[in-house]
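Asks: Take this structure, written in C-alpha coordinates, and hold onto it; I'll ask about it next.
The values are calculated or read from the model by the stated rules, or taken from the named source; none is laboratory data. Not measured: the values here are computed from a predicted model. Note that each Cβ is placed from the backbone with ideal geometry, even for glycine, and that neighbours are counted across all protein chains shown.
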Amino acid sequence: ATPAATMVGTSIGAQHGVLFEGGDILERVKDVEAVVFDKTGTLTEGEMTLTDARVVTPAADGAVPSDAEADVPADVTKEFLLEVAATAESGSEHPIGEAIVAGARERGTRVGDLDVLQNVSGRGIRGRTEHGTVVVGKPDLLADEGVETDPARDAMADLEEEGKTAVLVALDGELLGVLAVADEVKPSAREAVSALRERDVTVHMITGDNERTARAVAREVGIDEANVRAGVLPEDKADAVEAIQADGSRAMMVGDGVNDAPALATAFVGVAIGSGTDVAIEAADVTLMRSDPRDVVKAINVSEGTLTKIK
Ligand code: ADP
Ligand code: MG
(Lines give C-alpha, C1' and ligand atoms only; values in the text may rest on other atoms or scores of the structure.)
(Ligands and ions follow the chains in the order given, each with its own letter.)
Protein backbone atom coordinates (compact mmCIF):
# COMPACT_ATOMS: atom_id res chain seq x y z
CA ALA A 1 0.00 0.00 0.00
CA THR A 2 1.07 3.57 -0.52
CA PRO A 3 1.98 5.64 2.54
CA ALA A 4 -1.20 7.61 1.97
CA ALA A 5 -3.35 4.44 1.99
CA THR A 6 -1.61 3.34 5.18
CA MET A 7 -2.36 6.66 6.82
CA VAL A 8 -6.00 6.45 5.81
CA GLY A 9 -6.29 2.86 7.07
CA THR A 10 -4.65 3.69 10.39
CA SER A 11 -6.93 6.64 10.88
CA ILE A 12 -10.10 4.70 9.98
CA GLY A 13 -9.02 2.00 12.40
CA ALA A 14 -8.53 4.58 15.14
CA GLN A 15 -12.00 5.97 14.49
CA HIS A 16 -13.37 2.52 15.14
CA GLY A 17 -11.23 2.02 18.24
CA VAL A 18 -8.87 -0.36 16.46
CA LEU A 19 -5.27 0.74 17.00
CA PHE A 20 -2.66 -0.70 14.64
CA GLU A 21 0.96 -0.65 15.79
CA GLY A 22 2.16 0.40 12.34
CA GLY A 23 1.71 0.21 8.59
CA ASP A 24 3.10 -3.31 8.20
CA ILE A 25 0.67 -4.59 10.83
CA LEU A 26 -2.23 -2.95 9.03
CA GLU A 27 -1.13 -4.81 5.86
CA ARG A 28 -0.71 -8.10 7.64
CA VAL A 29 -4.10 -8.43 9.34
CA LYS A 30 -6.00 -9.23 6.13
CA ASP A 31 -3.85 -12.35 5.61
CA VAL A 32 -4.97 -13.96 8.86
CA GLU A 33 -6.42 -17.47 8.37
CA ALA A 34 -7.10 -18.40 11.97
CA VAL A 35 -8.20 -16.42 15.01
CA VAL A 36 -7.33 -17.77 18.45
CA PHE A 37 -9.31 -16.30 21.33
CA ASP A 38 -8.38 -16.44 24.98
CA LYS A 39 -11.52 -17.24 26.97
CA THR A 40 -11.57 -15.28 30.22
CA GLY A 41 -11.76 -11.52 29.75
CA THR A 42 -11.70 -11.86 25.97
CA LEU A 43 -14.79 -13.88 25.00
CA THR A 44 -16.23 -13.45 28.49
CA GLU A 45 -16.61 -10.29 30.55
CA GLY A 46 -13.89 -11.46 32.91
CA GLU A 47 -15.95 -10.46 35.90
CA MET A 48 -16.56 -13.52 37.98
CA THR A 49 -19.39 -13.90 40.46
CA LEU A 50 -19.58 -16.53 43.17
CA THR A 51 -22.53 -18.80 42.38
CA ASP A 52 -22.20 -22.00 44.43
CA ALA A 53 -20.70 -23.37 47.60
CA ARG A 54 -20.92 -27.11 48.23
CA VAL A 55 -19.47 -28.83 51.24
CA VAL A 56 -17.75 -32.06 50.24
CA THR A 57 -15.73 -33.62 53.02
CA PRO A 58 -14.36 -37.15 52.94
CA ALA A 59 -16.60 -37.94 55.92
CA ALA A 60 -19.69 -36.60 54.17
CA ASP A 61 -18.92 -38.89 51.27
CA GLY A 62 -18.74 -41.93 53.53
CA ALA A 63 -14.98 -42.25 53.19
CA VAL A 64 -12.81 -42.70 56.24
CA PRO A 65 -11.55 -39.31 57.41
CA SER A 66 -7.78 -39.11 57.45
CA ASP A 67 -6.15 -38.58 60.82
CA ALA A 68 -4.38 -35.37 59.80
CA GLU A 69 -3.91 -32.97 62.68
CA ALA A 70 -6.38 -30.73 60.88
CA ASP A 71 -8.47 -28.30 62.82
CA VAL A 72 -11.50 -29.04 60.65
CA PRO A 73 -14.88 -29.07 62.36
CA ALA A 74 -16.80 -32.34 62.17
CA ASP A 75 -19.73 -30.72 60.40
CA VAL A 76 -18.34 -28.25 57.91
CA THR A 77 -20.95 -25.65 56.94
CA LYS A 78 -21.18 -23.71 53.70
CA GLU A 79 -20.40 -20.63 55.69
CA PHE A 80 -17.20 -22.15 57.09
CA LEU A 81 -16.17 -23.34 53.63
CA LEU A 82 -16.65 -19.84 52.25
CA GLU A 83 -14.96 -18.15 55.21
CA VAL A 84 -11.86 -20.32 54.88
CA ALA A 85 -11.59 -19.81 51.11
CA ALA A 86 -12.26 -16.07 51.25
CA THR A 87 -9.68 -15.63 54.01
CA ALA A 88 -7.02 -17.29 51.87
CA GLU A 89 -8.06 -15.45 48.71
CA SER A 90 -8.23 -12.07 50.46
CA GLY A 91 -4.75 -11.24 49.15
CA SER A 92 -5.38 -12.53 45.64
CA GLU A 93 -5.78 -10.29 42.60
CA HIS A 94 -7.06 -13.12 40.43
CA PRO A 95 -10.70 -12.66 39.26
CA ILE A 96 -11.62 -15.98 40.89
CA GLY A 97 -10.10 -14.91 44.20
CA GLU A 98 -11.81 -11.53 44.02
CA ALA A 99 -15.17 -13.18 43.28
CA ILE A 100 -14.84 -15.47 46.29
CA VAL A 101 -13.99 -12.59 48.63
CA ALA A 102 -16.78 -10.38 47.25
CA GLY A 103 -19.22 -13.30 47.47
CA ALA A 104 -18.34 -13.87 51.11
CA ARG A 105 -18.73 -10.19 51.98
CA GLU A 106 -22.11 -9.99 50.23
CA ARG A 107 -23.35 -12.96 52.20
CA GLY A 108 -22.15 -11.46 55.46
CA THR A 109 -19.55 -14.19 55.86
CA ARG A 110 -16.54 -13.24 57.91
CA VAL A 111 -13.21 -12.90 56.10
CA GLY A 112 -10.40 -13.75 58.52
CA ASP A 113 -6.72 -12.89 58.74
CA LEU A 114 -4.25 -13.99 56.10
CA ASP A 115 -0.55 -14.33 56.99
CA VAL A 116 1.09 -15.40 53.75
CA LEU A 117 -0.30 -15.86 50.28
CA GLN A 118 1.40 -17.88 47.60
CA ASN A 119 0.11 -17.75 44.01
CA VAL A 120 0.54 -20.95 42.07
CA SER A 121 0.31 -19.61 38.52
CA GLY A 122 -2.55 -21.07 36.48
CA ARG A 123 -3.48 -23.51 39.26
CA GLY A 124 -4.62 -21.64 42.37
CA ILE A 125 -3.33 -20.28 45.66
CA ARG A 126 -1.93 -21.45 48.96
CA GLY A 127 -2.54 -19.26 52.01
CA ARG A 128 -1.42 -19.41 55.62
CA THR A 129 -4.43 -18.15 57.55
CA GLU A 130 -5.76 -18.01 61.07
CA HIS A 131 -7.63 -21.24 60.24
CA GLY A 132 -4.54 -23.08 59.04
CA THR A 133 -3.02 -23.73 55.65
CA VAL A 134 -5.61 -23.29 52.93
CA VAL A 135 -5.31 -24.36 49.32
CA VAL A 136 -7.84 -23.17 46.73
CA GLY A 137 -7.63 -24.23 43.11
CA LYS A 138 -7.56 -27.06 40.63
CA PRO A 139 -7.80 -30.69 41.78
CA ASP A 140 -4.22 -31.45 40.70
CA LEU A 141 -2.90 -28.64 42.87
CA LEU A 142 -4.68 -30.06 45.92
CA ALA A 143 -3.65 -33.60 45.00
CA ASP A 144 -0.01 -32.46 44.98
CA GLU A 145 -0.54 -31.46 48.62
CA GLY A 146 -1.81 -34.91 49.43
CA VAL A 147 -5.48 -33.91 49.54
CA GLU A 148 -7.99 -36.60 48.57
CA THR A 149 -10.04 -34.86 45.87
CA ASP A 150 -12.09 -37.76 44.48
CA PRO A 151 -15.19 -37.10 46.63
CA ALA A 152 -15.60 -33.73 44.88
CA ARG A 153 -15.44 -35.08 41.36
CA ASP A 154 -19.20 -35.26 40.68
CA ALA A 155 -19.95 -31.86 42.19
CA MET A 156 -17.20 -30.28 40.07
CA ALA A 157 -18.42 -31.98 36.89
CA ASP A 158 -22.01 -30.76 37.47
CA LEU A 159 -20.90 -27.16 37.95
CA GLU A 160 -18.49 -27.20 35.00
CA GLU A 161 -21.15 -28.62 32.73
CA GLU A 162 -23.05 -25.37 33.40
CA GLY A 163 -20.04 -23.40 32.13
CA LYS A 164 -19.00 -22.38 35.64
CA THR A 165 -15.45 -22.58 36.92
CA ALA A 166 -15.26 -24.81 39.99
CA VAL A 167 -12.38 -24.73 42.44
CA LEU A 168 -11.65 -26.97 45.39
CA VAL A 169 -10.93 -25.79 48.91
CA ALA A 170 -8.78 -27.68 51.39
CA LEU A 171 -7.76 -26.86 54.95
CA ASP A 172 -4.64 -28.46 56.43
CA GLY A 173 -4.70 -31.24 53.88
CA GLU A 174 -8.42 -31.99 54.24
CA LEU A 175 -10.96 -31.34 51.52
CA LEU A 176 -13.73 -28.94 52.61
CA GLY A 177 -15.70 -28.48 49.42
CA VAL A 178 -16.22 -26.87 46.06
CA LEU A 179 -16.88 -23.24 45.14
CA ALA A 180 -18.03 -22.15 41.71
CA VAL A 181 -17.75 -18.82 39.97
CA ALA A 182 -19.42 -17.80 36.73
CA ASP A 183 -18.48 -15.33 34.10
CA GLU A 184 -20.89 -13.97 31.48
CA VAL A 185 -20.07 -14.51 27.83
CA LYS A 186 -19.85 -11.11 26.08
CA PRO A 187 -23.09 -10.61 24.15
CA SER A 188 -21.09 -9.83 21.00
CA ALA A 189 -18.79 -12.85 21.16
CA ARG A 190 -21.16 -15.13 19.27
CA GLU A 191 -21.60 -12.59 16.49
CA ALA A 192 -17.83 -12.13 16.19
CA VAL A 193 -17.26 -15.88 15.86
CA SER A 194 -19.95 -16.33 13.23
CA ALA A 195 -18.69 -13.34 11.18
CA LEU A 196 -15.20 -14.84 11.18
CA ARG A 197 -16.43 -18.27 10.21
CA GLU A 198 -18.44 -16.76 7.38
CA ARG A 199 -15.16 -15.45 6.01
CA ASP A 200 -13.62 -18.92 6.27
CA VAL A 201 -11.40 -17.88 9.12
CA THR A 202 -10.92 -20.81 11.52
CA VAL A 203 -11.79 -19.89 15.10
CA HIS A 204 -9.98 -21.40 18.08
CA MET A 205 -10.06 -20.93 21.84
CA ILE A 206 -7.22 -21.37 24.32
CA THR A 207 -7.76 -21.23 28.06
CA GLY A 208 -6.20 -22.15 31.35
CA ASP A 209 -9.64 -23.13 32.53
CA ASN A 210 -10.77 -26.76 32.55
CA GLU A 211 -12.04 -28.76 29.58
CA ARG A 212 -15.71 -28.93 30.53
CA THR A 213 -16.13 -25.21 31.27
CA ALA A 214 -14.16 -24.36 28.15
CA ARG A 215 -16.40 -26.56 25.98
CA ALA A 216 -19.57 -25.09 27.51
CA VAL A 217 -18.38 -21.56 26.65
CA ALA A 218 -17.25 -22.67 23.17
CA ARG A 219 -20.71 -24.10 22.53
CA GLU A 220 -22.28 -20.83 23.63
CA VAL A 221 -20.21 -18.71 21.23
CA GLY A 222 -20.15 -21.19 18.34
CA ILE A 223 -16.54 -22.43 18.38
CA ASP A 224 -16.00 -26.08 17.32
CA GLU A 225 -15.05 -28.36 20.19
CA ALA A 226 -12.15 -29.66 18.11
CA ASN A 227 -10.66 -26.16 18.17
CA VAL A 228 -10.71 -25.78 21.94
CA ARG A 229 -7.55 -26.18 23.97
CA ALA A 230 -8.22 -26.16 27.72
CA GLY A 231 -6.05 -26.49 30.79
CA VAL A 232 -3.23 -24.63 29.03
CA LEU A 233 -0.72 -23.33 31.56
CA PRO A 234 0.33 -19.67 31.12
CA GLU A 235 3.81 -20.67 29.92
CA ASP A 236 2.29 -23.03 27.34
CA LYS A 237 -0.09 -20.61 25.62
CA ALA A 238 2.59 -19.52 23.12
CA ASP A 239 3.29 -23.18 22.25
CA ALA A 240 -0.42 -23.71 21.65
CA VAL A 241 -0.41 -20.84 19.14
CA GLU A 242 2.69 -22.29 17.49
CA ALA A 243 0.92 -25.62 17.17
CA ILE A 244 -1.96 -23.92 15.35
CA GLN A 245 0.54 -22.19 13.04
CA ALA A 246 2.57 -25.38 12.55
CA ASP A 247 0.88 -26.14 9.22
CA GLY A 248 1.92 -22.70 8.00
CA SER A 249 -1.40 -21.00 8.70
CA ARG A 250 -1.23 -17.42 9.89
CA ALA A 251 -2.91 -16.95 13.23
CA MET A 252 -4.17 -13.93 15.09
CA MET A 253 -4.14 -14.35 18.88
CA VAL A 254 -6.61 -12.22 20.84
CA GLY A 255 -6.08 -11.91 24.60
CA ASP A 256 -6.20 -9.66 27.62
CA GLY A 257 -4.01 -11.12 30.31
CA VAL A 258 -0.40 -11.09 31.44
CA ASN A 259 -0.44 -14.81 30.69
CA ASP A 260 -1.43 -14.11 27.07
CA ALA A 261 1.58 -11.86 26.31
CA PRO A 262 3.97 -14.58 25.03
CA ALA A 263 1.20 -15.99 22.81
CA LEU A 264 0.42 -12.51 21.44
CA ALA A 265 4.09 -12.12 20.54
CA THR A 266 4.27 -15.57 18.91
CA ALA A 267 1.20 -15.19 16.70
CA PHE A 268 1.39 -13.74 13.17
CA VAL A 269 -0.72 -10.91 14.65
CA GLY A 270 -1.25 -10.28 18.37
CA VAL A 271 -4.40 -8.41 19.40
CA ALA A 272 -4.96 -7.04 22.90
CA ILE A 273 -8.31 -6.27 24.44
CA GLY A 274 -8.24 -2.62 25.54
CA SER A 275 -9.53 -3.35 29.03
CA GLY A 276 -6.73 -5.90 29.43
CA THR A 277 -3.43 -5.65 31.22
CA ASP A 278 -0.65 -3.29 30.11
CA VAL A 279 1.61 -6.27 29.54
CA ALA A 280 -0.78 -7.69 26.96
CA ILE A 281 -1.23 -4.32 25.24
CA GLU A 282 2.54 -3.90 25.06
CA ALA A 283 3.03 -7.34 23.52
CA ALA A 284 0.27 -6.82 20.95
CA ASP A 285 0.33 -5.45 17.38
CA VAL A 286 -3.27 -4.25 17.52
CA THR A 287 -5.33 -2.98 20.47
CA LEU A 288 -9.14 -3.02 20.54
CA MET A 289 -10.13 0.03 22.58
CA ARG A 290 -13.76 -1.08 22.96
CA SER A 291 -12.88 -4.55 24.21
CA ASP A 292 -15.49 -5.88 21.78
CA PRO A 293 -14.56 -9.14 20.03
CA ARG A 294 -16.46 -7.97 16.92
CA ASP A 295 -13.73 -5.39 16.44
CA VAL A 296 -11.47 -8.26 15.34
CA VAL A 297 -13.64 -8.38 12.22
CA LYS A 298 -13.39 -4.60 11.90
CA ALA A 299 -9.60 -4.86 12.05
CA ILE A 300 -9.69 -7.30 9.13
CA ASN A 301 -12.06 -5.04 7.20
CA VAL A 302 -9.83 -2.02 7.73
CA SER A 303 -6.83 -4.04 6.60
CA GLU A 304 -8.68 -5.08 3.47
CA GLY A 305 -9.66 -1.49 2.84
CA THR A 306 -13.35 -2.35 2.96
CA LEU A 307 -14.23 -0.27 6.00
CA THR A 308 -14.70 3.40 5.33
CA LYS A 309 -14.44 6.50 7.38
CA ILE A 310 -17.12 7.51 9.87
CA LYS A 311 -18.37 10.84 8.64
P1 ADP B 1 -7.35 -18.15 32.15
O2 ADP B 1 -6.34 -18.71 31.18
O3 ADP B 1 -8.73 -18.64 31.84
O4 ADP B 1 -7.30 -16.64 32.21
P5 ADP B 1 -5.69 -18.75 34.59
O6 ADP B 1 -4.51 -19.30 33.84
O7 ADP B 1 -5.53 -17.43 35.25
O8 ADP B 1 -7.02 -18.75 33.63
O9 ADP B 1 -6.16 -19.82 35.70
C10 ADP B 1 -6.41 -21.16 35.34
C11 ADP B 1 -7.10 -21.91 36.46
O12 ADP B 1 -6.29 -21.95 37.65
C13 ADP B 1 -8.43 -21.32 36.93
O14 ADP B 1 -9.49 -21.71 36.08
C15 ADP B 1 -8.54 -21.92 38.32
O16 ADP B 1 -8.97 -23.27 38.26
C17 ADP B 1 -7.09 -21.91 38.80
N18 ADP B 1 -6.80 -20.66 39.56
C19 ADP B 1 -5.98 -19.67 39.17
N20 ADP B 1 -5.90 -18.70 40.12
C21 ADP B 1 -6.75 -19.07 41.13
C22 ADP B 1 -7.14 -18.49 42.40
N23 ADP B 1 -6.68 -17.32 42.85
N24 ADP B 1 -8.02 -19.19 43.16
C25 ADP B 1 -8.50 -20.38 42.73
N26 ADP B 1 -8.19 -20.95 41.57
C27 ADP B 1 -7.32 -20.33 40.76
MG1 MG C 1 -7.78 -13.89 30.03
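Asks: Report, by residue number, each residue of region 176-199 that is surrounded by fewer than 22 Cβ atoms within 10 Å (Cβ to Cβ) and touching a residue at least 12 places away in the same chain (Cβ under 8 Å).
Replies: Restricting attention to region 176-199, the residues satisfying the condition of being surrounded by fewer than 22 Cβ atoms within 10 Å (Cβ to Cβ) are 182, 184-188, 190-191, 194-195, 197-199.
Within region 176-199, Ala182, Glu184, Val185, Lys186, Ser188, Arg190, Glu191, Ser194, Ala195, Arg197, Arg199 meet the criteria.
Asks: Looking at (1) part of a helix (DSSP H, G or I); (2) closer than 15 Å to Phe37 by Cβ, can you tell me which one Val279 breaks?
Replies: Tallying (1) part of a helix (DSSP H, G or I); (2) closer than 15 Å to Phe37 by Cβ, Val279 fails exactly one: (2).
Asks: Mind listing whichever residues of region 210-228 are surrounded by 22 or more Cβ atoms within 10 Å (Cβ to Cβ) and under 22 Å from Val167 (Cα atoms)? Steps first, answer last, please.
Replies: Pass one, region 210-228, residues surrounded by 22 or more Cβ atoms within 10 Å (Cβ to Cβ): 213-214, 217-218, 221, 223.
Selection gives Thr213, Ala214, Val217, Ala218.
Asks: Can I ask one more? Working carefully through the options Val135, Val101, Val120, find the one that is surrounded by fewer than 19 Cβ atoms within 10 Å (Cβ to Cβ), of a type in the set (Val, Ile, Thr) and within 21 Å of the chain's Cα centre (by Cα). Can you show your working first?
Replies: Values: Val135 fails: surrounded by fewer than 19 Cβ atoms within 10 Å (Cβ to Cβ); Val101 fails: surrounded by fewer than 19 Cβ atoms within 10 Å (Cβ to Cβ).
Sole residue among the options that is surrounded by fewer than 19 Cβ atoms within 10 Å (Cβ to Cβ), of a type in the set (Val, Ile, Thr) and within 21 Å of the chain's Cα centre (by Cα): Val120.
Asks: With the structure loaded, tell me whether Val232 is assigned to a loop (DSSP other than H, G, I, E, B), aliphatic (A, V, I, L, M) and either touching a residue at least 24 places away in the same chain (Cβ under 8 Å) or crowded, with 24+ Cβ neighbours inside 10 Å (or both) or whether it fails that test. It would help to see each step written out before you state the result.
Replies: Numbers: assigned to a loop (DSSP other than H, G, I, E, B): yes; aliphatic (A, V, I, L, M): yes; either touching a residue at least 24 places away in the same chain (Cβ under 8 Å) or crowded, with 24+ Cβ neighbours inside 10 Å (or both): yes.
Criteria met by Val232.
Asks: Only residues that are surrounded by fewer than 19 Cβ atoms within 10 Å (Cβ to Cβ) and either away from ligand 2 (no atom under 16 Å from the Cβ) or at pLDDT 95 or above (or both): list them for region 29-46, please. So that I can check it myself, show each step before the final result.
Replies: Let us first name the residues in region 29-46 that are surrounded by fewer than 19 Cβ atoms within 10 Å (Cβ to Cβ), namely 30-31, 33, 45.
Answer for region 29-46, where residues must be surrounded by fewer than 19 Cβ atoms within 10 Å (Cβ to Cβ) and either away from ligand 2 (no atom under 16 Å from the Cβ) or at pLDDT 95 or above (or both): Lys30, Asp31, Glu33.
Asks: Here's something else I'd like to know. Out of Gly274, Gly270, I need the residue that is surrounded by fewer than 19 Cβ atoms within 10 Å (Cβ to Cβ) and more than 27 Å from Met156 (Cα to Cα). Which one? So that I can check it myself, show each step before the final result.
Replies: Values: Gly270 fails: surrounded by fewer than 19 Cβ atoms within 10 Å (Cβ to Cβ).
Sole residue among the options that is surrounded by fewer than 19 Cβ atoms within 10 Å (Cβ to Cβ) and more than 27 Å from Met156 (Cα to Cα): Gly274.
Listed here are the residues, each with its yes/no results for (1) more than 14 Å from ligand 2 (Cβ to nearest atom); (2) of a type in the set (Lys, Arg); (3) over 19 Å from Ala143 (Cα atoms).
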{"site": "Arg190", "(1), (2), (3)": "yes, yes, yes"}
{"site": "Arg197", "(1), (2), (3)": "yes, yes, yes"}
{"site": "Thr207", "(1), (2), (3)": "no, no, yes"}
{"site": "Ala214", "(1), (2), (3)": "no, no, yes"}
{"site": "Val217", "(1), (2), (3)": "no, no, yes"}
{"site": "Glu220", "(1), (2), (3)": "yes, no, yes"}
{"site": "Ile223", "(1), (2), (3)": "yes, no, yes"}
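Asks: Given the criteria within 30 Å of Asp292 (Cα to Cα), more than 19 Å from the chain's Cα centre (by Cα), buried (at least 16 other Cβ atoms within 10 Å of the Cβ) and at pLDDT 90 or above, does Thr10 qualify? Quick ask: steps written out before the conclusion?
Replies: Values: within 30 Å of Asp292 (Cα to Cα): yes; more than 19 Å from the chain's Cα centre (by Cα): yes; buried (at least 16 other Cβ atoms within 10 Å of the Cβ): yes; at pLDDT 90 or above: yes.
Taking the combined requirement at face value, the residue satisfies it.
Asks: Looking at region 154-164, is at least one residue away from ligand 1 (no atom under 15 Å from the Cβ), part of a loop (DSSP other than H, G, I, E, B) and not assigned by TED's automatic domain parsing to the domain that holds Gly208?
Replies: Scanning region 154-164 turns up no residue that is away from ligand 1 (no atom under 15 Å from the Cβ), part of a loop (DSSP other than H, G, I, E, B) and not assigned by TED's automatic domain parsing to the domain that holds Gly208.
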